[in-house]
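The values are calculated or read from the model by the stated rules, or taken from the named source; none is laboratory data. On a predicted model such as this, the values are computed, not experimentally measured, just so you know. A quick note on method: Cβ atoms are made from the backbone with ideal geometry, for glycine too, and the neighbour counts reach across all protein chains shown.
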């Protein structure tokens, strides 16, 4: 019996990517989809590439819940709390690709998202779904907050150095670049082609909502409060996140120690590929896959670790990681449905 999957917000980029990946999952099937903007329309009318592969009609959100064992919510922030409560009440698993359950602090959620926790007990049930760090907490859970792209790539890039106390936790800089799909499907002036093409710029400098989420993860890993400087940039490409994380190396720590720490920390992580010395992580090499490529570099003159991470923001940064979490919840091998080879060119 296959897992019955419902997708709320199926016509957004992350929702459509969930459909693409679940379609070839050997132990799951999409049973219902919904979309406020395209209610009553076929998914293949919105995305012609799905014609004959998925011609499902977008239904009401409540119908999706009834027809599913697990519901994925690919919605803007502020729209998932009530849906999550409904799913848990009815015994359904729920994975939120939005931000509503990611932050543990209601004060921070109010500060960064101008919202409130509607059900504080429900928020206590939620677990942060970055499997490489928290898979033991994800097992047996029904409510998972799926991290986004920056908040996946940046911690993965620097985690081994943080966990092994090889770098200072003060002064960490996360310098990140994103493909335009990270802005969502709704057009804006900033992602309009003439504005974006042949350009490259920072945005939401020192004010991006992913800042407290990255800090939350790094603080858990380090055992102390971590404050970062986070600067995102918009690349004129469709897909990809490149996170370049800078950290001061502690006195007496060698590159060999850092390299060994990374090799040991990620030795059993299928989706994390630590690159050979001299190589640099590149978004080109992870497209359409659930891999995170990491390269580490040591600036001896400045005594800094420079860790680069690359992911596909629509897969490991959204839909692929959500499916990885689903696999954990249902006791499947994490790789199931996700053993995708990135195209070579």
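Just one of the listed residues (264, 339) is more than 29 Å from residue 234 (Cβ to Cβ), modelled with pLDDT of 95 or more and not assigned by TED's automatic domain parsing to the domain that holds residue 234, and it is 339.
Can you tell me how many residues in segment 184-225 are in contact with a strand residue (DSSP E or B) (Cβ under 9 Å, 6 or more places away or on another chain) and in contact (Cβ under 8 Å) with a residue 60 or more places away in the chain? Number of matching residues: 8. Looking at segment 297-339, which of the residues that are in a strand (DSSP E or B) and touching a residue at least 60 places away in the same chain (Cβ under 8 Å) is nearest to residue 26 (Cα to Cα)? So the residue we want is 311.
Taking segment 66-91 as the range and being in contact with a strand residue (DSSP E or B) (Cβ under 6 Å, 6 or more places away or on another chain) and buried (at least 20 other Cβ atoms within 10 Å of the Cβ) as the test, the residues that pass are 68, 70, 71, 72, 73, 80, 83, 84, 87. The helices (runs of 4 or more DSSP H) found wholly in segment 129-230 and carrying at least 2 residues that are within 17 Å of residue 100 (Cα to Cα) and modelled with pLDDT of 95 or more occupy 150-163, 211-222.
Working carefully through the options 117, 94, find the one that is farther than 17 Å from residue 322 by Cα, touching a helix residue (DSSP H, G or I) at 6+ places or on another chain (Cβ under 8 Å) and buried (at least 17 other Cβ atoms within 10 Å of the Cβ). Don't jump to the end; show me each part of the working.
Values: 94 fails: farther than 17 Å from residue 322 by Cα.
Of the residues listed, the single one that is farther than 17 Å from residue 322 by Cα, touching a helix residue (DSSP H, G or I) at 6+ places or on another chain (Cβ under 8 Å) and buried (at least 17 other Cβ atoms within 10 Å of the Cβ) is 117.
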